[in-house]
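S.K.: Here it is, the structure, as structure tokens.
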Amino acid sequence: MSDLVFSERADKKTVEDGDLLMPKYDQDGLIAAVVTDAATSEVLMVGYMNEEALKRTIETGEAWYWSRSRKGFWKKGETSGQVQKVQEILTDCDQDALVVKVTVEGNGATCHVGYRSCFFRKITKTENGTVRLEWVETEKVYDPEEVYGKS
């Protein structure tokens, strides 16, 4: 358990213009964390942190998240070696979202399916109106089965 103490939420002016961290968590106790490459600003992934995951991230300098599907903490890269070293954490004006700027260890990938970024496809509309996904990253950085085993 962390010794860090975040300030209690205060009035709008204090939250928006002050210098105290007063995170606003959603109804599940989570705050969205948009993770970007510290050097290029490329969006790598979106994760969620609860208060303890945010504290662990601040204290260790490595990214921790709350897994909504597994209902538990996960340190990014613990299995894969793709540890996210935190360079900077930003919060938005009303402190209900974070940007976490990282460098990624190991092979530099973030996505558990093998791509550098979890955002490896873009949405396109075809001439007949069908919505499709088009790959913007065409090569996987690694084979997930070699790292995580067969799914």
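S.K.: Name the residues in region 120-145 that are among the hydroxyl-bearing types (S, T, Y) and surrounded by 10 or more Cβ atoms within 10 Å (Cβ to Cβ), would you?
M.R.: T124, Y142
S.K.: For region 88-108: of the residues being touching a Ser or Thr at 6+ places or on another chain (Cβ under 8 Å) and of a type in the set (G, A, S), which is nearest to T57 (Cα to Cα)?
M.R.: A97
S.K.: Okay, next question. Just a yes or no: is a residue in region 8-21 out of contact with any strand residue (DSSP E or B) (no Cβ under 6 Å at 6 or more places or on another chain) and among the β-branched types (V, I, T)?
M.R.: Yes, region 8-21 has at least one match.
S.K.: Tell me which strands (runs of 3 or more DSSP E) are completely within region 54-110 and hold 2 or more residues being within 19 Å of P23 (Cβ to Cβ) and of a type in the set (A, V, I, L, M), or say none if there are none. Let's see the steps before the verdict.
M.R.: Details: elements: 64-67, 72-75, 84-91, 97-104.
Hits in region 54-110: 84-91, 97-104.
S.K.: Still on this structure: For C118, state whether it is closer than 17 Å to M45 by Cα, part of a loop (DSSP other than H, G, I, E, B) and in contact (Cβ under 8 Å) with a residue 60 or more places away in the chain. Working first, answer last.
M.R.: On the way: closer than 17 Å to M45 by Cα: yes; part of a loop (DSSP other than H, G, I, E, B): yes; in contact (Cβ under 8 Å) with a residue 60 or more places away in the chain: yes.
Yes.
S.K.: Take the residues of region 121-138 that are assigned to a loop (DSSP other than H, G, I, E, B) and in contact with a Lys or Arg (Cβ under 9 Å, 6 or more places away or on another chain): which is nearest to E105 (Cα to Cα)?
M.R.: Here is the first cut: in region 121-138, the ones assigned to a loop (DSSP other than H, G, I, E, B) are 126-130, 136-138.
Pick out the ones that are also in contact with a Lys or Arg (Cβ under 9 Å, 6 or more places away or on another chain) and you get 126, 136-137.
Working: T126: 38, V136: 22, E137: 19 Å.
Here the answer is E137.
S.K.: Six or more apart or on different chains, Cβ atoms under 9 Å: show the pairs whose first residue is in region 10-33 and touching a residue at least 60 places away in the same chain (Cβ under 8 Å) and within 16 Å of V100 (Cα to Cα) and whose second is of a type in the set (F, W, Y) and part of a strand (DSSP E or B).
M.R.: From region 10-33, the pairs are I31/Y48; A32/Y48; A33/Y48; A33/Y65.
S.K.: Let me ask you something else. Mind listing whichever residues of region 54-71 are touching a strand residue (DSSP E or B) at 6+ places or on another chain (Cβ under 8 Å) and under 29 Å from V136 (Cβ atoms)?
M.R.: The answer is T57, E62, A63, W64, Y65, W66, S67, R68.
Read-outs throughout are calculated quantities, based only on the coordinates presented, and are distinct from any laboratory measurement. Since the structure is predicted, the reported quantities are computational estimates derived from the model, not experimental observations. Note that each Cβ is placed from the backbone with ideal geometry, even for glycine, and that neighbours are counted across all protein chains shown.
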